[in-house]
Amino acid sequence: MTGVRPGGEGLLDLNAGALAPVADEVNVRQLPVTGILPEGLTGTLVRNGPNPYSGAFSGSGMLDWWPEAAMVHGIRLEQGNALEYANRWVRTRQWAGHFDAADAATRPETNPNVNVIRHAGRDLALAEGGPPVELLPGLDTGPVPAGLEAGITAHPKLDPETGELIWFRSSWAEPCLVYGVSDAGGRVTVEQVIDLPGPAMMHDCAITGRHSLLLDGNVAYDLSLFEKGLRIPIRWFEERTARLGVIPRSGGVVRWFAIEPGFIQHVANAYEDGEDRIVLDAIRYDSFLRLDAASSGFEPNPLGRLWRYDIDLRTGRVGERPLSEQDMEMPRINENRTGRRHRYVYGVLQPTDREMRGIVKVDVETGFVTAHEPPVDDQNSEPVFVPDPARSNAEDGGWLLFCAYRARTDTSDLVILDAQAVDGEAVATVHLPRRIPAGFHGAWLPET
Ligand SMILES: [Fe+2]
């Protein structure tokens, strides 16, 4: 969800520094590189985030940032060369007047500014609540995939073995929660309405080999927030019971497990540990978007921690504990392990609630933590793990790709770390011709 912290209203300069949008679309070929780009990295890193067509955000609060127009940025690498950088707005109906009003009615009605995945041979830009949109070669905007017109989460889970995409759709309108599965060919095979006591804010989900996990925390919709001028009506509800829902992968009865109050924003991974135990590692908050005493804005959020939930399917009890002391967000893993036991979680360090600076690797078996610490003025995106085919026997055999914003020069770089030496020198740095604004999420799309 966030590239920076969704704190109180009116406190951010969205048009300066790492957050500032760009004003046009470009293609630039042959990018300068420091270091040696691994030949095994052939594909495109795509980043997604909000970027108003005007080139400037209109407000100064986090909720003036989230809902803005989707812009995707692609950095194409091929056998040791940094071939091209390109950026494009995703051309959807809401913003049609900015690019071509004539075909507005044929454009998808959504704002897919959150994430990027590849499924069933399609590259998709994903929305918070709306349908995904296919990204065509050159980052051009394609159609909404058939069957997903009603929308899916921006964080579906791709099973690396079956090729299935597991997703949900949550909404403040009925039905408030729908669980779904698309097969490896993109056909929707499961679509099940799930009853909730009220609409919940769900941003991410998890899978194991046999189950899917739904995350029902203390953050939910409150439509009265519209009357206060807020653009997204969600807040912390003390009275809600936080719980984890476990549903068979192919749909069926949901079992709910009570947990301590909190909000899970992003999932690292989940897996089954034997017949009766499910492990979930995720970023958890003690509170999130809690209204201040006057109910006129939000209290500052605490920072997120990597948290482990141990679900005992036999007793119904859930154990929970932090896995590290780092303040961190944007957890990623080697996605060949999605739904299977993992050992390493990568993420972004948060020195303060206004910064994302540094890359962390947590060994969840030993608790050992290593970190890449960039210069104090930098900010950076989440790290995307790309497996190295030559090191496929090791879970961390691969690279971490992230975008660094250099405040001193107001430029961006693509930085490549060896995931087995996160605290070492960068393997390579691609110097980008344009700043890439801090956005939400991204993906590595290998050349096929
Ligand atoms: Fe997210």
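The values are calculated or read from the model by the stated rules, or taken from the named source; none is laboratory data. Given the structure is predicted, the values throughout are model-derived calculations rather than measurements. Neighbour counts run over all protein chains shown; Cβ positions are idealised from the backbone, glycine included.
Whether any residue in segment 233-245 is over 23 Å from the mean Cα position of the chain (by Cα), surrounded by 13 or more Cβ atoms within 10 Å (Cβ to Cβ) and of a type in the set (S, T, N, Q) is what I want to check.
Taking segment 233-245 first, the residues over 23 Å from the mean Cα position of the chain (by Cα) are 237-241.
Of the ones still in play, those that are also surrounded by 13 or more Cβ atoms within 10 Å (Cβ to Cβ) are 237, 240-241.
This time we only want the ones that are of a type in the set (S, T, N, Q), so: 241.
Within segment 233-245, one or more residues are over 23 Å from the mean Cα position of the chain (by Cα), surrounded by 13 or more Cβ atoms within 10 Å (Cβ to Cβ) and of a type in the set (S, T, N, Q).
Looking at segment 393-427, which of the residues that are of a type in the set (Gly, Ala, Ser) and either under 16 Å from residue 36 (Cβ atoms) or touching a helix residue (DSSP H, G or I) at 6+ places or on another chain (Cβ under 8 Å) (or both) is surrounded by the most Cβ atoms within 10 Å (Cβ to Cβ)? Show your work before the answer.
To start, the set of residues in segment 393-427 that are of a type in the set (Gly, Ala, Ser) comprises 394, 397-398, 404, 407, 412, 419, 421, 424, 426.
Now drop any that are not either under 16 Å from residue 36 (Cβ atoms) or touching a helix residue (DSSP H, G or I) at 6+ places or on another chain (Cβ under 8 Å) (or both), which leaves 397-398, 407, 421, 424, 426.
Numbers: 397: 17, 398: 26, 407: 14, 421: 13, 424: 11, 426: 18.
Only one residue tops the list, namely 398.
Taking segment 304-339 as the search range and keeping residues that are within 16 Å of the ligand (Cβ to nearest atom) and part of a loop (DSSP other than H, G, I, E, B), which one is surrounded by the most Cβ atoms within 10 Å (Cβ to Cβ)?
Result: 304.
Considering segment 382-421 alone, what residues qualify as being under 18 Å from residue 334 (Cβ atoms) and of a type in the set (Ser, Thr, Tyr)? Walk me through how you get there before you give the answer.
Within segment 382-421, the subset under 18 Å from residue 334 (Cβ atoms) is 382-402, 416-421.
Correct list: 392 only.
Check whether at least one residue in segment 151-173 is surrounded by fewer than 18 Cβ atoms within 10 Å (Cβ to Cβ), in a loop (DSSP other than H, G, I, E, B) and in contact with a helix residue (DSSP H, G or I) (Cβ under 8 Å, 6 or more places away or on another chain), and report yes or no.
Within segment 151-173 (the criterion being surrounded by fewer than 18 Cβ atoms within 10 Å (Cβ to Cβ), in a loop (DSSP other than H, G, I, E, B) and in contact with a helix residue (DSSP H, G or I) (Cβ under 8 Å, 6 or more places away or on another chain)), the answer is yes, since at least one residue qualifies.
Taking segment 93-150 only, how many residues are within 24 Å of residue 164 (Cα to Cα), surrounded by fewer than 16 Cβ atoms within 10 Å (Cβ to Cβ) and not hydrophobic (A, V, I, L, M, F, W, C)?
5
Under 7 Å between Cβ atoms, at least 6 apart or on separate chains: pull out the pairs that start in segment 417-446 with a residue that is within 15 Å of residue 348 (Cβ to Cβ) and at pLDDT 95 or above and end on any residue that is away from the ligand (no atom under 16 Å from the Cβ) and assigned to a loop (DSSP other than H, G, I, E, B).
That search, which allows pairs on different chains as well, returns 417/426; 417/427; 419/396.
List every residue pair whose Cβ atoms lie under 9 Å apart, where the two residues are 6 or more positions apart in sequence or sit on different chains, the first residue falls within segment 170-189 and is farther than 21 Å from residue 123 by Cα, and the second residue, located anywhere, is of a type in the set (Lys, Arg) and buried (at least 20 other Cβ atoms within 10 Å of the Cβ).
Note: pairs meeting the criteria are 175/169; 177/169; 178/169; 179/169.
Among the residues of segment 105-123, which ones are more than 14 Å from the ligand (Cβ to nearest atom), within 28 Å of the chain's Cα centre (by Cα) and not polar (S, T, N, Q)?
The answer is 107, 108, 109, 118, 119, 120, 121, 122, 123.
Of (1) closer than 18 Å to residue 442 by Cβ; (2) away from the ligand (no atom under 15 Å from the Cβ); (3) surrounded by 15 or more Cβ atoms within 10 Å (Cβ to Cβ); (4) of a type outside the set (Val, Ile, Thr), residue 199 satisfies all except one. Which?
For residue 199, the failing item is (1).
Do you know which residues across segment 218-249 are hydrophobic (A, V, I, L, M, F, W, C) and out of contact with any helix residue (DSSP H, G or I) (no Cβ under 8 Å at 6 or more places or on another chain)? Outline the logic, then answer.
As a first pass, look at segment 218-249 and keep what is hydrophobic (A, V, I, L, M, F, W, C): 219-220, 223, 225-226, 230, 232, 234, 236-237, 242, 244, 246-247.
Once the filter is applied, which keeps residues that are hydrophobic (A, V, I, L, M, F, W, C) and out of contact with any helix residue (DSSP H, G or I) (no Cβ under 8 Å at 6 or more places or on another chain), segment 218-249 yields 219, 220, 223, 225, 226, 236, 237, 242, 244, 246, 247.
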